[in-house]
1. Give me the net charge of CYS108's neighbourhood, meaning all other residues with Cβ under 15 Å from the Cβ of CYS108; Lys, Arg count +1, Asp, Glu -1.
2. Looking at the chain as a GNM with Cα springs under 10 Å, which of ALA74, ALA19, ALA41 has the largest mean-square fluctuation?
3. How do TRP71, TRP54 line up, fewest other C-beta atoms within 10 Å first?
4. Calculate for the chain the 222 nm mean residue ellipticity that helices alone would give, adding -39,500 (n - 2.57) per DSSP H run of length 4 or more and normalising by residue count, nearest 500 deg cm²/dmol.
5. Through the Karplus equation 6.51 cos²θ - 1.76 cosθ + 1.60, θ set to phi - 60°, convert the phi angles of segment 58-65 into ³J(HN,Hα) values in whole Hz; use x for Gly and Pro.
6. When a footprinting reagent is the concern and you count Cβ atoms within 10 Å, what order do LEU29, LEU123 take, fewest first?
7. Just checking my list (i) 0.94; (ii) 1.07; (iii) 0.98 against Rg/Rh (Cα atoms, Kirkwood Rh) computed from this structure; which label fits?
8. For helix 25-44, what angle does its Cα long axis make with the longest principal axis of the chain, in degrees from 0 to 90 and rounded to 10?
Amino acid sequence: MILICRTSADEHAVGCDYAIAEVSVDLLLRIAELVKHAAAADAEIPAFNTLSCWDVSLDYLDDVPVEWEEWLAAQEHDGWAELPFPYDCNSSSDEPDGLHIRLGRTECDQMHVSNHGVFWSALIKYTSQRIETPNFPKLSPLEKLALTGE
């Protein structure tokens, strides 16, 4: 399953307007593991806020095809949505042409886990502009079963 969302990049940002998550068994297991650690830390440490990790990153996109943009604009929410189009990060274009994705360049990518949810952040490369995703959706037991086979 491929999920996409708009990031918190503002009109002054130089890209990385979208984030792509390839939801895999490995990602779901990593999130579940980190949620357990965050809950344990929250129970033991009154001032606990967020557990942040460097080892789980997303693809950030500067540009998407026009049909993706129109589909995203028609969504009723600004959170994550399942992408109904094929996604191949190797089909990236260097110039915005309205037909291909254009990969963004980030650094300091992190996944953050707390009792309030899971989200990602990064810095747009060569800037001090920080971007964040909305909270990752909680998958239903049926969706988890379909992805993990458990």
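1. Numbers: positive: ARG105, LYS125, ARG130; negative: ASP55, GLU107, ASP109, GLU132.
Result for the local shell: -1.
2. ALA74
3. So the ranking, lowest neighbour count to highest, is TRP54, TRP71.
4. Result for the chain, helices only: -7500 deg cm²/dmol.
5. Karplus-based 3J(HN,Hα) across segment 58-65 equals 10, 8, 9, 10, 6, 9, 10, x Hz.
6. Details: LEU29 12, LEU123 17.
Listing LEU29, LEU123 from fewest to most nearby Cβ atoms yields LEU29, LEU123.
7. Read-out from the structure maps to (iii).
8. 50
Read-outs throughout are calculated quantities, based only on the coordinates presented, and are distinct from any laboratory measurement. The model shown is predicted, which means the values in this text are computed figures rather than measured ones. Positions of Cβ are generated from backbone atoms using ideal geometry, with glycine treated the same way; all protein chains shown enter the neighbour counts.
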